[in-house]
């Protein structure tokens, strides 16, 4: 063969030489980096990803890849198990515009300041002789109180450190089942599928609640935890459009943090954005699930509540729009004829 002609049939590399190449340091590093990149990509995409947790997720009724680690871990946010209360006169740490969750039953009226709930999220209590659990999710803006009796027995609850649809997942100490706050049911564990009964709760300002309930008791800052309750760990979050955790369903019709009051009757959900309630004035008469209701909006305290035709308060949820929609993607929405806000 001429020296000017290419060698179309070069000598075959021996198996020994090929083996040495595969076992060389360079090849081993290349293989290591390739496998690492694949694992990182799989984790990023959530392929087969389950949350790292001590909770038993064998039984569940939501996709496990939608249960995510919120960061602090189990009881990293300490629920209040033995709450202390003070009189309204002694609650000097509260300003008039501070927000509270207010619960009234029988002759008991109690206020649970948001500045405390931001750090604890759950208060186990007894109101009017009934065991209750008062919950607050700062990520969703949702304050909901529940009857703490499950299957006829009182339960106490803690913060799991996990989230579902960016919302608080609490757990009961008796069975360690996981409960969705907005969903109001157990999503994993021995009690999967069981539901919690919501109670009427007001989400308003301290001045409004105190004026209506002058004998109210107030959750004390003596919680057993060292926290600066004047420090808001979520400062600015309610104004931003971004979310800390993704949701399965999202609708851009409103600002994600637009306040709405939502109600669900006989499987029919409807949201009333504050921007539309402000334009419509108050009260707003409507029908949901074939039931006549009235939505009352207080612009000064930026709060809303729902009553039935007899004037009886109905359990409703004040929430950020994104949170209500994440759990109620088929929701109806009240829109004032002047149009909604972007």
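Nothing in this text is a laboratory measurement; each read-out follows from the coordinates by a stated rule. It should be emphasised that the depicted structure is a prediction, and the values quoted were computed from it without experimental measurement. FYI the Cβ positions are ideal-geometry reconstructions off the backbone, even for glycines, and counts take in every protein chain you see.
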Burial order of peptide ranges 156-162, 296-302, 235-241 (average beta-carbon count within 10 Å, highest first)
156-162, 296-302, 235-241
Rank by packing, highest mean first: peptides 124-130, 107-113, 149-155, with packing defined as the count of other Cβ atoms within 10 Å averaged across residues.
107-113, 124-130, 149-155
Please work out how much length the chain gains when fully extended from residue 332 to residue 54, using 0.36 nm per residue of separation minus the C-alpha to C-alpha distance, in nm with one decimal.
96.3 nm
Quick note on 272, 229, ordering by fewest other C-beta atoms within 10 Å, gives 229, 272
So for the stretch 83-186, using the alpha carbon gyration tensor with a ≥ b ≥ c as root eigenvalues (a/c under 1.5 gives rounded; past that, a/b versus b/c decides prolate or oblate), I'd call it oblate
I want to check the label-to-label distance for residue 245 and residue 266. Put each point 7 Å from Cα in the C-beta direction and report it in nm to one decimal.
3.4
So, in nm, how far is label residue 185 from label residue 156 when the simple model puts each one 7 Å beyond its Cα toward the Cβ?
2.8
Rounded to 0.05, the calculated FRET efficiency for the beta carbons of residue 291 and residue 106 at R₀ = 35 Å is 0.85
Ranked list, fewest to most other Cβ atoms within 10 Å of each Cβ, for 234, 254
234, 254
At a Förster distance of 25 Å, what's the computed FRET efficiency of residue 238 paired with residue 96, Cβ-Cβ distance as r, to 0.05?
0.85
Test of understanding: ordering 293, 265, 144 by Cβ neighbours within 10 Å, fewest first, what list do you get?
265, 293, 144
